[in-house]
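Reviewing the structure listed below.
The values are calculated or read from the model by the stated rules, or taken from the named source; none is laboratory data. Nothing here was measured: the structure is a model prediction, and the numbers come from that model. Here the Cβ positions follow ideal geometry from the backbone for every residue, glycine too, while neighbour counts run over all protein chains shown. Areas reflect the complete protein model, heavy atoms only, side chains present, ligands, DNA and RNA absent. Shrake-Rupley method; radii C 1.70, N 1.55, O 1.52, S 1.80 Å.
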Amino acid sequence: MKNMGLRTIYLISLTLVFLTAVLLFAVFDMESQRKASDQALLEEARTFAREMDATWQFMDNSQDKINYTTEGAYEFKGLHCAVVGKSIGAIFSAGSDYAIRYVNLSPRSYQGTPDEYEAAALNEFVSTGGTEKYGRAVYEGEERFRYVRALEVDESCLECHGSPVGEIDITGYEKEGWTLDSVGGAISIVLPTDAQDESMFGNVVRDVVFFLCLAVLIGGVVWTITTLFVFRPLAHMKEAFGKMQEGSLSVNVDERHTAKEIAHLMIEFNAMASELDILYSSLEEQVNDRTFDLQKANEALKQKRDDLQRLNAKLEQEAEFKSNLLSMVNHELRTPLTSIITFAQISKESCGEGKASDRASWEEIEKNSLILLRMINDMLDMARSDAGSITASCEPVDLGDIVASVRNTMVPLANKYAVDFSASVASDVPLVMGDYEKITRMLENLGSNAVKFTPDGGSVVLSVERDVETDAVLLRMSDTGIGIAPADQERIFEKFFQVDSTSTRKYNGSGLGLALVREYANLQGYSVRVESELGAGSTFTIEIPHEATVGDDDV
């Protein structure tokens, strides 16, 4: 890069940084919008299912009124709950992109025959006892949102489908021998995704354009300040040096409108140039002192070289301006985020029981805003750490209160990923000396990582106990997730490190969580370590030494 100018290097670096930031933001925003879209479709499908259940139950409760005449004689009309439910589903689906069907592995008519997705869901319900299966899948050659929910068997179902097997029921079909533990088929709902995807794409484009404009604004400010106070003065000095090389010592560099350090250098340069001009103009009169004057000139040049070296050091400090400016932007983002979270909470509480979909939307906004706020806080803390300005308080802390707070925060996140989260504190755990907020952040970061990297159906356990050998307090976060390779177990505590590209794409995050855990631990005199095996889960342990515990005499 020695053949490239400082201005070119600076411009290329800024461009690469901003393009990378915009790309990462676009990927993150697309994934977030897609998850929100699928959640909205899921709630819509569940609403349809509840409405069909209500219709089914109404017809079941009305069978006596339908099949008995006013004189009390039984006369089966053939208008039972299954016929009505399937008919309403067919009428609703006709002429629209929606589809509502009732399917069974052994249907009584061809209309109830399941397709591949529905058959897989029914087999899963029978084998695992699950009740729901949903996601995006192909339906009639197009990607749709599929929702399949198992139908429970109750006493009224056994009249037509119970024992004995093979007996003809009142509808003219053979009974299947169902019991109350059987799966009575499933309701299958297909929803179009075009409107949701179009809205999602529009939101992503809007967010990316806003972020790009913000990045361009930041880059423009940084570039303008650097040009005015660094590049332009240096160009003037280069021009002055060129004139001196040509033999003209009557040069003067204007030091106004420059930074203090560069202005001081220019003043010294002007003084040197003036002295050289006087020296050479009276050279014939100072022949005898020529050697002495040349020595002084060399010393002056050496001093100027030292000044230039100090200027280079100052320019390296100026390079940190970009990092400090990004930290300032993060600070400014927290204020509108806090407002978004507050309004989301207010709007969520104002939604009545009949607005479950609206409430879910506000909860999603609140949840994602909190995630973004946590990421910004992590970035700010890491910036403070790099600047050496991060501190921690030292006061008695009850780990039971911290664990309860972490459990309340982690349980909703664990439920979202279908992961079981549990926590326990041993009865002999004492109070410890530390920073309540930072210990909480450490456990939340460990818990969030454990939940995200644990497959559906897994578990995460937070336990706090006392080591009987060292009398230290151990905080363990254990999971049944994907595990960490031995070669990566130390690197995961580095800033912005992800295990591999596959994990980076599947699991979102800033790459700062574990780095902050170690930073907070070192700041309070604690230690943190990990024990893991690929495919067999991980255990992160925070060790609080005996010196940091509060004994009975200290309370």
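So here's what we get for this one:
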| quantity | calculated |
| --- | --- |
| Inter-probe distance in nm under a simple model that places probes 7 Å from Cα toward Cβ, at Arg7 and Leu301 | 2.8 |
| Candidate residues Asp456, Asp479, Asp428: accessible-area rank, largest first, probe 1.4 Å | Asp456, Asp428, Asp479 |
| Two-site FRET efficiency, Ala195 against Val221, from Cβ-Cβ distance with R₀ of 45 Å, rounded to 0.05 | 0.70 |
| Sulfur and carbon atoms: percent of accessible area, region 1-93 [1.4 Å] | 65 |
| Above-threshold pairs, the threshold being 26 Å between Cα atoms, out of Lys65/Lys355; Lys77/Lys355; Lys260/Lys302 | Lys65/Lys355; Lys77/Lys355 |
| Point-to-point label distance, Leu214-Glu490, nm (Cα→Cβ direction, 7 Å offset) | 3.7 |
| Accessible area expressed per residue, region 416-482, with surrounding protein chains retained (probe 1.4 Å, Å²) | 40 |
| Computed label-point distance, nm, for sites Val165 and Asp64 using a 7 Å Cα→Cβ extension | 3.3 |
| Solvent-accessible surface (1.4 angstrom probe) belonging to His546, in square angstrom, nearest 10 | 90 |
| When each of Lys35/Lys175; Lys133/Lys175; Lys314/Lys452; Lys243/Lys314; Lys238/Lys296 is checked by Cα-Cα distance, pairs over 32 Å | Lys35/Lys175; Lys314/Lys452 |
| Orientation-averaged projected area, Cα convex hull of region 1-132 (nm²) | 15.2 |
| Stretch gain in nm, segment Gln111-Leu294, where the contour uses 0.36 nm per residue and the Cα spacing is subtracted | 55.3 nm |
| Theoretical gain in end-to-end length, Gln245 to Asn415 [0.36 nm per residue, Cα-Cα removed] | 53.8 nm |
| List Thr541, Thr470, Thr47, ordered by accessible area with a 1.4 Å probe, largest first | Thr470, Thr47, Thr541 |
| Residue order for Val216, Val432 - accessible surface, 1.4 angstrom probe, largest first | Val216, Val432 |
| For a label point 7 Å along the Cα-to-beta-carbon line of Ser156, residues of region 39-56 with backbone N under 14 Å | 52-56 |
